[in-house]
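Below is one structure, written out as structure tokens, with a few remarks after it.
Taken together, the values in this text are just the output of simple stated rules run on the coordinates, not laboratory data. Small disclaimer: the values here were computed from a predicted structure and weren't measured. Cβ coordinates were reconstructed from backbone atoms using ideal geometry, including for glycine residues, and neighbour counts include every protein chain displayed.
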Amino acid sequence: MNEFSISEANRKELLKIARASVEEYLKTGNVPTARASNPELAREAAVFVTLTERGKLRGCIGTTVPREPLYRAVAGMAIAAATKDSRFNPVTIGELKDIRFEISVLSPMMPVKIADEIKQNHHGVLIRQGSRSGLFLPQVWEHFKTKEDFLGELCWQKAGIEPTAWQDKDTELSVFTVVAFEE
């Protein structure tokens, strides 16, 4: 799996874009036009944006497939995390001061044949069985002691399939890494 990185200056720029995009959208209802000329920000990338409020999850939405330039993906996923995560009510402008943004830029997905190929505390995992799928970012490992618990919860909570489905030969597993940074 190829390693990749994002400069510190561009990390700060992406966090500014995320916050400014959500703020503009909450104030006006308009999706702002983010701009970036830096080649690192203009490359296509898959990204997740996670919002926390006082240390608790407040929204998380992303994509596993690169579809647009990184800076635009961050703006769009930040707005979606704030307003479209069905687990939460939309963020209000009054809450925004207490919201912290985390951005996870995903490496390309790499299929694995067996769970032994998954590196605990390193890989994010995408699981797919039929039309059902679910994803945990690598940061989610901190909530689990074992790989089995991580994969079982991924199946059950995120994909809505049996907790042991990760062991089924017809279940597809893919891994990825992230460059993650936060305010």
Worksheet entry | At R0 = 30 Å, FRET efficiency that the Cβ-Cβ distance of S131 and N30 yields, to 0.05 | 0.30
Item to complete: Provide the descending list of Cα extents for segment 110-177 along its principal axes, expressed in whole angstroms.
Response: 27, 22, 16
Discussion item. Given a Förster distance of 35 Å, report the FRET efficiency between W156 and I93 from their Cβ-Cβ distance, rounded to the nearest 0.05.
Written reply: 0.50
Response to the item:
Taking Cα atoms only, helix 8-28 is inclined relative to the longest principal axis of the chain by an angle, in degrees rounded to 10, of 70 degrees
Item to complete: First obtain the Kirkwood hydrodynamic radius of segment 79-144 from its Cα pairs, then insert it into the Stokes-Einstein equation at 20 °C and 1.002 mPa s, and state the resulting D in µm² per second as a whole number.
Response: 146 µm²/s
Worksheet item: Suppose R0 equals 30 Å; then what is the FRET efficiency for N121 and R43 from their Cβ-Cβ distance, rounded to the nearest 0.05?
Response: 0.65
Worksheet item: For segment 19-58, what is the convex hull volume of its Cα atoms per residue in Å³?
Response: 107 Å³
Worksheet item: When the chain is fully extended, how far beyond the present Cα-Cα distance does A9 get from E142, taking 0.36 nm per residue of separation?
Response: 45.1 nm
Worksheet item: Can you give the helix-only mean residue ellipticity at 222 nm for the chain, where every DSSP H stretch with n ≥ 4 adds -39500 (n - 2.57) and the sum goes over all residues, rounded to the nearest 500 deg cm²/dmol?
Response: -7500 deg cm²/dmol
Fill in: Gaussian network model of the chain, springs between alpha carbon atoms under 10 Å - residue of T171, T28, T83 with greatest fluctuation
T28
Worksheet entry | Quarter of Cα convex hull surface for segment 8-106, i.e. mean projection, nm² | 6.0 nm²
Worksheet, complete the sentence: Which of V49, V31, V125 fluctuates most in a GNM of the chain (C-alpha springs under 10 Å)? That residue is V31
Discussion item. If each residue of separation counts as 0.36 nm, what is the full-extension length gain between R67 and T83 once their alpha-carbon separation is subtracted?
Written reply: 3.7 nm
Fill in: C-alpha long axis of helix 70-83 to longest principal axis of the chain, angle in °
90 degrees
